[in-house]
Amino acid sequence: MWFAVNIYGNMYKMVSVDITGRHIISPTGDAPKGWKYCPDCVKNWPERSHHCPLCDVCVLKRDHHCFFAGYCVGYHNHRYYVAMVFYISVAAIYGNIFNFEFVRDVKGELGIWGILSFLLPHVGFLFGGDDFYVTGITMLTFIGFYCSSCFFGYLEFR
Ligand SMILES: [Zn+2]
Ligand SMILES: [Zn+2]
């Protein structure tokens, strides 16, 4: 529950703040040094602002458009985004530990074949005699491992 509250709370804050620079009084006329003109917004914006074609607005210090939240990540909500990804990563480890123990219980002792059929669940189903139930559990657990490694990759390499 604690993880869920933190993940969804940060996600809610992320999509509910104003990411644009509407409060900024931008200079009219030719863009001054450090500012740039956006032809879509018909307005001058500060440095490092970028126009998002999906949100159709210029976002201050735009990082990327988050497809999970359906909202841009920028100057005003980057803090919530990083906190959300952090809590997702920790929750993923927590879930994966329990999942992995369950897979070991179901599959028995993990030898070479057990590890191979964990990394390639469909091979275990086609050639190893794993039944549908075991294959489904193994596949879900593998997807969990894969997703958490993606979230960790984000935290590590940003
Ligand atoms: Zn724009
Ligand atoms: Zn966007």
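Label sites at Cys41 and Leu116, each approximated as a point 7 angstrom past Cα along Cα to Cβ, lie 5.6 nm apart. Over the chain, all Cα pairs binned in 10 Å intervals from 0 give whole-percent P(r) values of 10, 28, 21, 18, 12, 7, 3, 0, listed from short to long.
Between amide H atoms placed 1.01 Å from N, distances below 5 Å from Ser49 occur with Lys61, all of them 5 or more places distant or on a separate chain.
For the residues Ile93, Ile19, Ile112, a GNM of the chain with alpha-carbon springs under 10 Å puts the largest fluctuation on Ile112. Between Tyr133, Tyr146, Tyr12, the GNM of the chain built on Cα springs shorter than 10 angstrom shows Tyr133 fluctuating the most. Projecting the alpha carbon convex hull of segment 83-143 along each direction and taking the average yields 4.2 nm².
What do you get for chymotrypsin sites (Phe, Trp or Tyr not before Pro) in segment 34-116 restricted to DSSP loop and a cutoff of at most 12 other Cβ within 10 Å of the site's Cβ? Listed in order of number, the matching sites are Phe67, Phe68.
Each reported figure results from applying straightforward, stated rules to the coordinates on display, with no laboratory input. The structure presented is a predicted model; accordingly, all values stated were derived computationally and were not measured. Cβ coordinates were reconstructed from backbone atoms using ideal geometry, including for glycine residues, and neighbour counts include every protein chain displayed.
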